[in-house]
1. Go through region 82-126 and give me each residue that's over 29 Å from residue 393 (Cβ atoms), part of a helix (DSSP H, G or I) and of a type outside the set (Ser, Thr, Tyr).
2. Scanning for something more than 18 Å from residue 147 (Cα to Cα), at pLDDT 95 or above and either among the acidic types (Asp, Glu) or open to solvent by less than 50 Å² (accessible area, probe 1.4 Å) (or both), does region 307-314 turn up at least one residue?
3. For residue 95, only one of the following conditions fails: (1) touching a helix residue (DSSP H, G or I) at 6+ places or on another chain (Cβ under 6 Å); (2) over 26 Å from residue 388 (Cβ atoms); (3) among the polar types (S, T, N, Q). What is its number?
4. Which of (1) modelled with pLDDT under 95; (2) in contact with a helix residue (DSSP H, G or I) (Cβ under 9 Å, 6 or more places away or on another chain); (3) open to solvent by 40 Å² or more (accessible area, probe 1.4 Å) does residue 103 not meet, given it meets every other one?
5. If I go through region 373-401 residue by residue, how many of them are of a type in the set (Ser, Thr, Tyr), in contact (Cβ under 8 Å) with a residue 24 or more places away in the chain and farther than 20 Å from residue 21 by Cβ?
6. Surrounded by 17 or more Cβ atoms within 10 Å (Cβ to Cβ), aliphatic (A, V, I, L, M), modelled with pLDDT of 95 or more and assigned to a loop (DSSP other than H, G, I, E, B): which single residue out of 150, 183 fits that description?
7. State all residues of region 40-59 that are open to solvent by less than 20 Å² (accessible area, probe 1.4 Å) and either not assigned by the TED database to the domain that holds residue 409 or not in a loop (DSSP other than H, G, I, E, B) (or both); if no residue qualifies, say none.
8. Hey, can you tell me all the residues within region 12-39 that are closer than 18 Å to residue 378 by Cα and open to solvent by 10 Å² or more (accessible area, probe 1.4 Å)?
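The values are calculated or read from the model by the stated rules, or taken from the named source; none is laboratory data. Note that the structure is a prediction, hence the values are computed from the model and not measured. All Cβ positions, glycine included, derive from the backbone under ideal geometry; neighbour counts span all protein chains shown. Please note that ligands, DNA and RNA were not included when accessible areas were found on the heavy atoms of the full protein model with its side chains. Shrake-Rupley method; radii C 1.70, N 1.55, O 1.52, S 1.80 Å.
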Amino acid sequence: PRVCVVGSGPAGFYTAQHILKHHGGARVDIYEKLPVPFGLVRFGVAPDHPEVKNVINTFTQTARSERCAYYGNVTVGRDITVAELRQAYHAVVLSYGAEDNRVLGIPGENLSGVYSARAFVGWYNGLPENRDLKPDLSCETALILGHGNVALDIARILLSPLHLLRKTDITDSSLAALACSKVKRVWLIGRRGPLQVAFTIKELREMINLPGARPVLNPADFTGLENALKDAPRPRKRLTELMIKTALEKPGKKTMEVQAAAVQAAAPREWGLKFQRSPQEVLPTADGRRARGIRMALTRLEGLGDSAKAVPTGDVEELECGLVLSSIGYRSLPLDPAVPFDTQRGVIPNSSGRVEGVPGLYCSGWVKRGPTGVIITTMNDSFDTAQSVLEDLQLGVLDVSTSREGFGAVESILHSQGVRPVSFSDWEKIDAAEVARGKAAGKPREKIVDPQEMLQLIGH
């Protein structure tokens, strides 16, 4: 059986890995629109979290298997259609993730100084489409809308001491911009309360312990939570207890020393969590061009726990800030008119990864279940889809008696379009060049951010 996987992030690689491991004869081809593989492991994971990127070693082993091939620089839906892939392969798995962001839908959202978290993360992580973002970091106060791990990542990158970032694979140009940044205060705003935050304890602890930055949490936000915590699951309990402890902590001896050091190194940086506020409008400067602040509706919660809804109380509040980062979630887009797509939920309608009404077509990862969860969630989800493919092969739902040409058929179509795919050994040349450039700068790698430069490097 010949299987094709569209997308080379965790979902694509874990799907391929599982099929190859549990079917001794299957061949899997992975297609990727960028020349370089690994999706959000390369472009989403924060530069100061190198340990999370260790999964790349497993993916590399999969890609080097003699029954697996990688074809980068191929955009499915443009260079080749899903229908053409379905003719060339016995099974096609769509694992292309969520390449857009949810919009706020409020006035002033398009003012300069307002960015999506997606674009900002892409900028400091070297995602080609965001390399020219040039965010304006000349203000003192930044505001992040959202209480997830991505919001904390951004706050941490904005406030981290430069010597910590210099040792990471953060891009050269974003490091230079952060070196000139005037941002010293970051507020993270959420529509709901402390019991509904989406970030995890590891990320919160890291933020609390960030050198040279002090947390500002209002004790009043946490009064009366002890009761609600009784029935909360253990991770939620521990997370909330850490916030309460941080809110109530009086600056002790250690913090006094840290503060004294920070005062010497100019004003200390600070960050804080604000709850039960829903953005209503980004307020413009007098010339109407830039963001100068944000007006928020104060909310009250109806319902309990994760299902609590934020309802506006009628009161509003304004906060001054020159930088607004919207971190309210990613969004999948339809890839090809031939593939069913639920625009409301932003997913491909499926059952256990089998695309509804299209036999032989499957999906895994964020485009299957929505843009939530960490790499391990995506791993389990991809194994589930891979299992569906294996079952359908076993039960004869997929007819393997007719041979399919696989990449042979695709290659001629790409050739006629003037598209030259990038192989995995091509990627390894790009990888080696990045690592060599990084070494010269004392970093694990210096990412190449221009696809043309990548292609030149491999002689395309």
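1. 117, 118, 119, 120, 121, 122, 123
2. Within region 307-314 (the criterion being more than 18 Å from residue 147 (Cα to Cα), at pLDDT 95 or above and either among the acidic types (Asp, Glu) or open to solvent by less than 50 Å² (accessible area, probe 1.4 Å) (or both)), the answer is no, since none of the residues qualifies.
3. (2)
4. Going through the list (1) modelled with pLDDT under 95; (2) in contact with a helix residue (DSSP H, G or I) (Cβ under 9 Å, 6 or more places away or on another chain); (3) open to solvent by 40 Å² or more (accessible area, probe 1.4 Å), residue 103 breaks only (2).
5. Number satisfying all stated conditions: 0.
6. Exactly one residue qualifies, and that residue is 183.
7. The answer is 41, 42, 43, 59.
8. Scanning region 12-39 gives 14, 17, 18, 20, 21, 32, 39.
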